[in-house]
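**Q** Take a look at the following structure, please.
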Number of protein chains: 2
Amino acid sequence: MSRRGLIGTAGVGVLAAGAGVLAGRASSPAAGAADSATVPFRAAHQAGIVTPAQDRLHFAAFDVHTESRDELVALLKTWTAMAERMTSGREAVHDGATGAGAYTPPTDTGEALDLTPARLTLTIGFGPSLFTTATGADRFGLSARKPRSLADLPKFTGDALDPARSGGDIAIQACADDPQVAVHAIRNLARAGFGVVSVRWSQLGFGRTSSTSTSQATPRNLLGFKDGTRNIKAEDHDAVSKFVWVGDNDDKAWMAGGSYLVTRRIRMLIEPWDRTTLHEQERVIGRAKGSGAPLGGKDEFEELDLQSSGPSGPLIDTDAHVRLASREELGGIEILRRGYNFTDGSDGFGHLDAGLFFIAYCRDPLAQFVPMQEKLARNDALNEYIKHVGSAVFAVPPGLGTDDDYWGSGLFAP
Amino acid sequence: MSRRGLIGTAGVGVLAAGAGVLAGRASSPAAGAADSATVPFRAAHQAGIVTPAQDRLHFAAFDVHTESRDELVALLKTWTAMAERMTSGREAVHDGATGAGAYTPPTDTGEALDLTPARLTLTIGFGPSLFTTATGADRFGLSARKPRSLADLPKFTGDALDPARSGGDIAIQACADDPQVAVHAIRNLARAGFGVVSVRWSQLGFGRTSSTSTSQATPRNLLGFKDGTRNIKAEDHDAVSKFVWVGDNDDKAWMAGGSYLVTRRIRMLIEPWDRTTLHEQERVIGRAKGSGAPLGGKDEFEELDLQSSGPSGPLIDTDAHVRLASREELGGIEILRRGYNFTDGSDGFGHLDAGLFFIAYCRDPLAQFVPMQEKLARNDALNEYIKHVGSAVFAVPPGLGTDDDYWGSGLFAP
């Protein structure tokens, strides 16, 4: 089946976008110069996971309103075509901003017209609620395909989750080196979904807090500490295939080569933290603030010394964040972190609404994220300075191969 | 009086920061390489006004809680020293993140440690409420120095202002090419003000919507249109001195060489706009969406043709935004715009909370911004798609000369 054929099945409400896609794939003139900043859209795995982390994030979780499987599939096909165009620096729809005719609404909103691709990646995931309702009813004939690992996360100690900032049937993660490019992408996808889906919550982020490649320096989070020193790096193929990609025989076949995405909106209690001594901050984290070296060490990338004692107890405290999150204490567990700092203004009490939008990709959240977070939620010394206020989990299917593949084609295959 | 002496008068609550400033002015190692991306802090006018607009904004408005003039002046001196350091790419306080001693809170929060200056500018302004209370009472012995032009803005037709996002005694505009640098600056200034001031509201922005230099291409706002084509450019010295800088004999002497800052948080009703035809969008704005040319023209920088008619009325509609905002229709008035796009997630109804954080600098808001906005508020065709939800005005003093000058030294001079 050709892409043309697939797009041709697009339902009402997305036809305008679909029609535009059919019209052609020529680059807009403005995008021509920036090919070097393009991340390929089709590959064995979705982009935006082990892609060296871009500087900016716009993440959106959607509720699905339609009860029609066909309408949902049609939207996913339209989204795929739009996403492929936008990640290559083109308009969401060919000539969408100005060329579709003066007496129809433009099919691209236009604010990215003169911008480069900015390494835009768009990554889709499906939440547990897309498969079954809260009472367990099948929604789109998908319940038999729900992976065991795609379970709602348990309530962790200290969780202060806002339901309006949690969950979602579908997630799209847009990452780019230019925020306007990421915002444009989410906006145009949301727009094409009008009547079928709506945005449940969204989050902007900046200053990636975890490097995902050895080519990147470790950035700092809003606690002022380097974050992601021990993160899995894209170049470590063994760790990536062990901890990130779902194996061929792990679970449902449609998820082989995919991953699971966990998001946590972690508000940092900036003001109490800022009034804490350097010594206490370093004890809580378990690393030196300046160099990022583990306490007792000199170099950022030294192994953690979890055994030795200093003058007043263990070099790295028993409740230190790096100890509890370490593979040494977690029976070898690792996850790929890809979070972003956020600052959403102030909270009405004059406090900065700021923190870390935590994003992790893992092969099985039940075996990786959940035990890690249970340990952290109970004992992490950092808990005094953070609050988890949003949470979600999504199944992220593998990448798209041929032109026939679309976002969810494995899941929705007959 | 030396800077050392001035800082020495810093009040309680900011002493930690003040002390750090005294310790020295050596560059942090991380900042060494990025001098080329530094905007000078001391000059005849404050930076951040005609400085070619940076890509990111963090704007904060503060309420002053102290009743002590000395305490306020001490904070302004401390802020000045911190701002001068940060704009040159250094920590807010010398060795503040890691060097102040393990058993005191760090005097710099650390998240900008490894980043470049990123052309950071910090611009201060004073609101009407700093001078007199709502009932007209003098607050800090400043009422005789309140300029006539620093008046609360009138209520404009259609205003839907949220008081919590309006006004403020003091404003600090942080602009930088890296959002983490701008956020770090505001956070550390807010922190140094603990007990004396608190953040009333703040706003992050990206993708500057108005170029302020002929060296910059015209960026697009979230309506998808080029914004700022006819903006005053820094290189047009005649226009800048006529419309931006307060003259020597305009009003109070302490404002000579300064400017007035008007902010308007303009929410865009993105979804209705996106459902509008291209023809209607271009009629509303008065320009072509693709090229930015005025309707009837071909080139972005062509003069507006406000006289000619097309097949169905004036080429540029009588209510078109560009017509009503044009100097031709406003008796020659111009303002310097320096706004930013914003996207603050969604609004709880699934709609994008996005728009334009409008920033204008002008020599006299009563003679420039007010008549312009009165005209726009009454008749602008764009009003159907926007809503003004926040508003503020501030007197922005001239730049600092010698080391004795501090933010507000002219205003608070005996």
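**Q** Does A:L150 satisfy the condition of being crowded, with 20+ Cβ neighbours inside 10 Å, away from chain B (no Cβ under 14 Å) and under 27 Å from A:L356 (Cβ atoms)?
**A** Taking the combined requirement at face value, the residue satisfies it.
**Q** Return the residues of the range B:176-191 that are more than 15 Å from A:G345 (Cα to Cα), facing another protein chain (nearest Cβ under 10 Å) and surrounded by 24 or more Cβ atoms within 10 Å (Cβ to Cβ); say none if nothing qualifies.
**A** If the condition is that a residue be more than 15 Å from A:G345 (Cα to Cα), facing another protein chain (nearest Cβ under 10 Å) and surrounded by 24 or more Cβ atoms within 10 Å (Cβ to Cβ), then B:V181 is the only one that fits.
**Q** Could I ask something else about it? Give the residues of the range A:54-89 that are buried (at least 24 other Cβ atoms within 10 Å of the Cβ), part of a helix (DSSP H, G or I) and of a type in the set (D, E, K, R), sorted by residue number.
**A** Across the range A:54-89, the qualifying residues are A:K77, A:R85.
**Q** May I pose another question? B:A288 passes all but one of (1) more than 14 Å from chain A (Cβ to nearest Cβ); (2) modelled with pLDDT of 95 or more; which number fails?
**A** (1)
**Q** Separate question: Which condition breaks for A:E374 when tested against (1) within 14 Å of A:F156 (Cβ to Cβ); (2) out of contact with any helix residue (DSSP H, G or I) (no Cβ under 9 Å at 6 or more places or on another chain); (3) buried (at least 24 other Cβ atoms within 10 Å of the Cβ)?
**A** (3)
**Q** Does A:V196 fit the bill of being within 30 Å of A:T109 (Cβ to Cβ), of a type outside the set (K, R) and away from every other protein chain (no Cβ under 12 Å)?
**A** yes
**Q** Name the single residue that is nearest to the chain's Cα centre (by Cα) among those in the range B:325-376 being within 12 Å of chain A (Cβ to nearest Cβ) and either farther than 25 Å from B:R56 by Cα or of a type in the set (S, T, Y) (or both).
**A** Checking each candidate, the answer is B:Y340.
**Q** From the residues in the range A:377-414 that are more than 14 Å from the chain's Cα centre (by Cα) and of a type in the set (V, I, T), which one is nearest to A:M255 (Cα to Cα)?
**A** That would be A:T402.
**Q** Take the residues of the range B:207-233 that are over 20 Å from B:D364 (Cβ atoms) and of a type in the set (A, V, I, L, M): which is surrounded by the fewest Cβ atoms within 10 Å (Cβ to Cβ)?
**A** Only one residue tops the list, namely B:A217.
**Q** Please work out if B:G96 is buried (at least 18 other Cβ atoms within 10 Å of the Cβ) and out of contact with any strand residue (DSSP E or B) (no Cβ under 8 Å at 6 or more places or on another chain).
**A** yes
**Q** If the Cβ limit is 6 Å and pairs must be 6+ apart or interchain, which residue in the range B:88-100 that is more than 10 Å from every other protein chain (Cβ to nearest Cβ) pairs with which residue that is assigned to a loop (DSSP other than H, G, I, E, B) and at pLDDT below 90?
**A** Cβ pairs passing all conditions: B:R90/B:S27; B:R90/B:S28; B:E91/B:S28; B:H94/B:A23; B:H94/B:G24.
**Q** Hey, another quick one. Would you be able to say whether some residue in the range A:120-128 is over 18 Å from the mean Cα position of the chain (by Cα) and touching a residue at least 12 places away in the same chain (Cβ under 8 Å)?
**A** No, the range A:120-128 contains no residue that is over 18 Å from the mean Cα position of the chain (by Cα) and touching a residue at least 12 places away in the same chain (Cβ under 8 Å).
**Q** Now for a separate question. Just checking, how many residues over the range B:280-314 are crowded, with 19+ Cβ neighbours inside 10 Å and either among the aliphatic types (A, V, I, L, M) or under 17 Å from B:Y385 (Cβ atoms) (or both)?
**A** Number of matching residues: 11.
The values are calculated or read from the model by the stated rules, or taken from the named source; none is laboratory data. The model shown is predicted, which means the values in this text are computed figures rather than measured ones. Methodologically, a virtual Cβ is constructed for each residue, glycine included, from the backbone with ideal geometry; neighbour enumeration extends over all protein chains shown.
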